[in-house]
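These notes concern the structure reproduced below.
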Amino acid sequence: MNAAVAVDRSTGPTAFRRAIPWIGLAARLGLAAVWAFAGWEKAVNPAQAAQAVRAYDVLPESLVEPIGYALPYLELGLAALLVIGLGTRIVAGISALLLLVFIAGISQAWARGLAIDCGCFGGGGPIAPDQTKYLEEILRDIGFIVLAGWLLFFPRTRFSADAWLAIED
């Protein structure tokens, strides 16, 4: 007797492959939200953003203001590209590199005993030593790198300009 076997195709590798573009959409929009919020908070007070860059005490003074004033617009640009899903893999790579730079900056401040607010989402500058949150900031940025890493490996996402334009990876 030949019995029909029902196969549940909602689990396993096929289901995972179908979920990849949706997971990518969540990663893309999550990372976009991070960049949008960080960029906006800095753009509304560029002098404070420059002060946050200065507090790390690693750049020559001649670079502090140009970087402090430009960084918010880089972050807002990354957010916009991620929202529309254009150049997703490239934007994810730039995001990962920028996050690594931020982690390096926070790490060196921590190692040197500086007491600063990272300025990641506005603010920044010297704070009381017991107010530092270096480990939390580094772990948070590692989490954001995970989102960027997902998009590096799986740049095809739902509702993206890349898919609409059929841009090859």
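Summary of values
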| read-out | value |
| --- | --- |
| Rounded D (µm²/s) - the chain, Kirkwood Rh over Cα pairs, Stokes-Einstein at 25 °C, 0.890 mPa s | 140 µm²/s |
| Surface share of carbon and sulfur [accessible, 1.4 angstrom probe, percent] for segment 124-169 | 68 percent |
| Percent RCO, i.e. relative contact order, over segment 1-149, from Cα pairs under 8 Å lying at least 6 residues apart | 28 percent |
| Whole-number accessible area per residue in Å² for segment 117-158, which is evaluated in the context of all protein chains at 1.4 Å | 53 Å² |
| In Hz, Karplus ³J(HN,Hα) per residue of segment 137-146 (6.51, -1.76, 1.60; θ = phi - 60°; x = Gly, Pro) | 5, 5, 5, 4, 5, 5, x, 5, 5, 4 |
| Residue 122 long-range amide H proximity, modeled H, under 5 Å | 42 |
| Karplus 3J(HN,Hα) series, Hz, for segment 48-54 with 6.51 cos²θ - 1.76 cosθ + 1.60 (x for Gly, Pro) | 5, 4, 5, 5, 5, 5, 4 |
| Segment 95-107 - phi-based ³J(HN,Hα) in whole Hz, Karplus 6.51/-1.76/1.60, Gly and Pro as x | 4, 4, 5, 5, 5, 5, 5, 4, 4, 4, x, 5, 4 |
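The values are calculated or read from the model by the stated rules, or taken from the named source; none is laboratory data. Small disclaimer: the values here were computed from a predicted structure and weren't measured. Side chains included, ligands, DNA and RNA excluded: accessible areas come from the protein's heavy atoms. Shrake-Rupley method; radii C 1.70, N 1.55, O 1.52, S 1.80 Å.
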